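Read-outs: derived from the displayed coordinates by stated rules, not from any lab. All values derive from a computational prediction rather than experimental measurement. Ideal geometry is used to build each Cβ from the backbone, glycine not excepted, and the neighbour counts take in all protein chains shown.
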Amino acid sequence: MSNVRSCYGPSPSGSGPAYDDPESPISRSPASRPASRAPGRRSGEEPLTEHLVDPDVPRDLHAFIAGLPKAELHVHHVGSASPRIVSELAARHPDSMVPTDPEALVDYFTFTDFAHFIQVYLSVVDLIRTPEDVRLLTYEVARDMARQQVRYAELTITPYSSTRRGIDERAFMDAIEDARKTAEADFGTVLRWCFDIPGEAGLESAEETARLATDDRLRPEGLVSFGLGGPEIGVARPQFKPYFDRAIAAGLHSVPHAGETTGPQTVWDALTHLRAERIGHGTSSAQDPKLLAHLAERRIPLEVCPTSNIATRAVRTLDEHPIKEFTRAGVLVTINSDDPPMFGTDLNNEYAVAARLLGLDERGLADLAKNAVEAAFLDEPGKARIRDEIDTYTSSWLAAS
Ligand SMILES: O=C(O)c1cccc(C(=O)CC[C@H]2O[C@@H](n3cnc4c(=O)[nH]cnc43)[C@H](O)[C@@H]2O)c1
Ligand SMILES: [Zn+2]
C-alpha cells in the first residue's frame, strides 16, 4: 500500500487531513475544519479542498495559495474525476468495477506501483462511455478547477481510449468543446487540450491520436499540444517521432511525459526525438547535471507533480523529491497536480508542498504561479492578464498583512 492515500484518506505528509469537498458525501464535520482564514483576505466560495493543510506550512500561506490565481499545465482529464464525478458516472453505469462507496474508494485509489496505478486509471476510463459522460466530466473538472482559482489549464486528454471504447469521434470532440466553452462562460476558467498517446497501447494508438489531432475536420479548436503518457518502461520515446513530427507540423506543441519512472536518457530522448518543449515530470533529470544545465539554458520547463511521484512510488518521500535540485540548477519549475483525486491532492496542496520543500513565502509562490503562466501555450495578452491578476492579488494580500 502506498503511503499516500486518496482524497478520502490521510495527507501525503501522513498528518491526516481528510477530503473536505463541500459536495463530498464524507465532508469533515465543521468542528474538524481548519480555523478560518484572516477575514477579508479573499472573496468567493470556499476552496475545493481546504482540508489539505500541511501542518508545516503556515495557515496563512495556505489561505494565500487558495486565493492565488493559477495556471495548471499537467493534469489528466480522467485523472481529475473527483469522487463526486466518479460516483455520478458509476451511478450511470452500475456494472462498473469502480466502487461508489467513498470508504471503498480510499483503498481503491491506493497504489502499489505505477503499473497498478495505470490499471486502476483504466477502470475509471471505462466509466466514460457516452459523449454525455465526456461532457459531464470535462465541465465538472473545470468547476473544480475554478474553485481553486485556476484561471487557465491545459488538460491532457487521451482520445484513443474513448474512441476505441466506441465513442464516436465527432461526438467526442463536440462534447469536450461544448464543455470547454460552457465552462469558460460559467466559471471563467480557460481550458486548452493536450491529446496524448497512451504509449503502452502501441503505435496503433499513436497513429489514431495523431490522426485525431491533425485532421482539420476533427481537430478541436482548444487543442494546443501533443503528448505521450502511460508507463515508460519498455516504451521507448524515439519510436513516436513520426507522430510528433506530424503533430508539430500541424502547429501543436510537444509535451511528452519523460523521466517519471525511467532515467534521464528518456528525457534526452524526448528532447531529441520528440522535440519536447516542456517535459511531463522529468523527475530523473536530477540524476544528470548536464541535462539539468541543458533544461535551464534552453528554458525548457519541467511539469513537476510532487504528490503524484509519491503516490506512484516514483519517488520515496516528499522530502526526497528533487524539486529543489531543479530550482537550484535554474530550471523553470511549474507545479501541477497530475491526477489529483486519485493522488489525494489538488493544485493548492501541490503549491503548499512546493512552498515547504522550497521554503517559499508569498512572493516566492507568486513567482511559481508566474512560471506556469510563462510556460503555458497561451497568447501574450492571455498571459499578461493572469500575471496582472497574480501581482494585484499578491500586493493586496501583503498590504493587508
Ligand atoms: O485506453 C486503453 O485502452 C489503453 C490501453 C493500453 C494502455 C493504456 C494506457 O497506458 C493509458 C495510460 C494513460 O494514463 C494517463 N496518465 C495519467 N496519469 C499519468 C501519469 O502520471 N503518467 C503517465 N500517464 C498518466 C495518460 O494520459 C495515459 O494516456 C490505455
Ligand atoms: Zn501525467
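Highest average first, the peptides 381-388, 68-75, 261-268 ordered by how many other beta carbon atoms sit within 10 Å of their residues are 68-75, 261-268, 381-388.
What separates the Cα centres of segment 84-137 and segment 360-401 is a distance of 34 Å. Which of these, S123, S285, S82, has the largest mean-square fluctuation under a Gaussian network model of the chain (Cα springs below 10 Å)? Of S123, S285, S82, the Gaussian network model singles out S123 as fluctuating most. Amide H to amide H distances under 5 Å link L223 with W193, where only residues 5 or more positions off or on other chains count and H is placed in the peptide plane.
Near T156, the amide H atoms lying under 5 Å from its own belong to V75, H76, H77, C194; only residues 5 or more places off or on other chains count, and H is placed 1.01 Å from N. Shape class of segment 268-401 from the alpha-carbon gyration tensor: oblate, with a/c at 1.5 or above and b/c at least as large as a/b. Residue ranges 105-113, 199-207, 328-336, 307-315 sort as 307-315, 328-336, 105-113, 199-207 when ordered by packing (mean number of other C-beta atoms within 10 Å per residue, highest first).
Under the shape rule built on the C-alpha gyration tensor, where the axes satisfy a ≥ b ≥ c, segment 234-300 is oblate, since a/c reaches at least 1.5 while a/b does not exceed b/c. Derived scalar couplings between HN and Hα for segment 298-315 equal 7, 6, 9, x, 9, 9, 8, 10, x, 5, 4, 5, 7, 4, 8, 6, 5, 10 Hz in order, rounded to whole Hz, by the Karplus curve 6.51 cos²θ - 1.76 cosθ + 1.60 (θ = phi - 60°), x for Gly and Pro. With the Cα gyration tensor of the chain giving a ≥ b ≥ c as the square roots of its eigenvalues, does the rule (a/c under 1.5 for rounded; else a/b larger than b/c for prolate; else oblate) give rounded, prolate or oblate? Since a/c stays below 1.5, the shape of the chain is classed as rounded.
Relative contact order for segment 318-396: what percent, with Cα pairs under 8 Å and sequence separation of 6 or more? That works out to 27 percent.
Using C-alpha pairs below 8 Å separated by at least 6 residues, the relative contact order for the chain is 20 percent. For the residues T214, T345, T272, a GNM of the chain with alpha-carbon springs under 10 Å puts the largest fluctuation on T272. Helices in the chain that qualify as membrane-span-like (whole DSSP H runs, Cα extent of at least 18 Å along the helix axis, mean Kyte-Doolittle hydropathy of -1.0 or higher) are 131-147, 169-187, 362-375, 380-400. Phi-derived couplings, Karplus 6.51 cos²θ - 1.76 cosθ + 1.60 at θ = phi - 60°, listed residue by residue for segment 94-110: x, 7, 5, 8, 7, x, 9, 6, x, 5, 5, 5, 4, 6, 4, 8, 10 Hz, with x used for Gly and Pro. Across segment 165-180, the residues whose backbone nitrogen lies under 11 Å from the label position 7 Å along the beta-carbon direction of L218 are 168-173.
Among 147-158, 243-254, the peptide with the highest mean count of other Cβ atoms within 10 Å heads the list, and the full ranking is 147-158, 243-254.
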